[in-house]
C-alpha cells in the first residue's frame, strides 16, 4: 500500500533524514587509514542519541549495529568490525534515524586516504547517477523512468547497477511501498504522485552486476570481488517536483568539497532549521 504524505509529515521525515546526514558529516573527518568501522559505529550511535534520535538500523530485522558499513567489494549491509581501514579503500556507509515517529536514511561512499584515478571516476559516476534518478522523481512520471535513467547512465559509462537490491518508499516504516529498482523501462511501473516519499539509492558495481548474499544474513558482496558504490537520498514529490530531504552538504563541509548539485532539488515549503 502506498502512503502519500502531507507537507507536515514530509518536514518530520526531513528532520530524521537531516540527522542521518549530520551523522555522516560527523563521520567524514574520522574516516582514514587505520580506523576501524566498529569505532565509527559507536561514534554514530552516540551522536544520534545525543541529538534526540534513535539509531534506526540497530535491532531493525535484528541487525546488530547502528551503521551498515561496506568497504570495497561489499555492496551493502556490512557489519561493523575491528579490522582497520587501509589506504586506497572505499567505504560505503548507510545510516538510519528514527525520530518524531518517522524514519530517515542516508548513504555515501567515502574515499579512505588517497584512492586511484579510476576509483574516483567510478565514485563520481555512481553519485551522478543518483541525481539523474532523482531528477526523474516528478509527478506523472513512472517508476520505470527513474530506474531507466540510472541504468542507462551507468551502463553508458561501463559499469553495472545491482538488480537484486532496490530503493523504496519511506515514512513511518523504514521500508514502504513502492520498490524503486535502479533499472527499468521508460513509462513502466507505478505513476508518481504528489506526497510520495522515496529512498533513491543506486548500488553500482565496477564490474559484474551479480552479487553474493553471505551466511551472516546481512553482508552482500560482488561476485567478481570488484568494488561497489552506494549513494542514497530521501526525496519527496512536492509541487510535482523532486525535493531533497537529505543532504551531502555536511559531508562536503568536512571534506572541503564545493558543490551546487543539490540546489535544483530544494523547496521552501520543506524548510527546517
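Any read-out appearing in this document is the output of simple, stated calculations on the displayed coordinates, not a laboratory observation. What you see is a predicted model; the values in this text were computed from it and never measured. Here Cβ is always computed from backbone atoms with ideal geometry, including for glycine, and neighbour counts include all displayed protein chains.
What to note about this one:
- Mean ellipticity per residue at 222 nm, deg cm²/dmol - from DSSP H runs of n ≥ 4 across the chain, formula -39500 (n - 2.57): -9000 deg cm²/dmol
- Sequence-distant contacts, meaning Cα pairs under 8 Å at least 6 residues apart, place the relative contact order of the stretch 136-187 at 47 percent.
- Based on C-alpha pairs under 8 angstrom that are at least 6 apart in sequence, the stretch 7-270 has a relative contact order of 23 percent.
- Each of the peptides 173-184, 251-262, 138-149 was scored by the mean count of other Cβ atoms within 10 Å over its residues; in descending order, highest first, they stand as 138-149, 173-184, 251-262.
- Highest mobility in the GNM of the chain, judged by mean-square fluctuation with C-alpha springs under 10 Å and restricted to 60, 40, 241, is found for 60.
- Selected from 96, 240, 158 as most flexible by GNM, with the chain as the system and alpha-carbon contacts under 10 Å: 158
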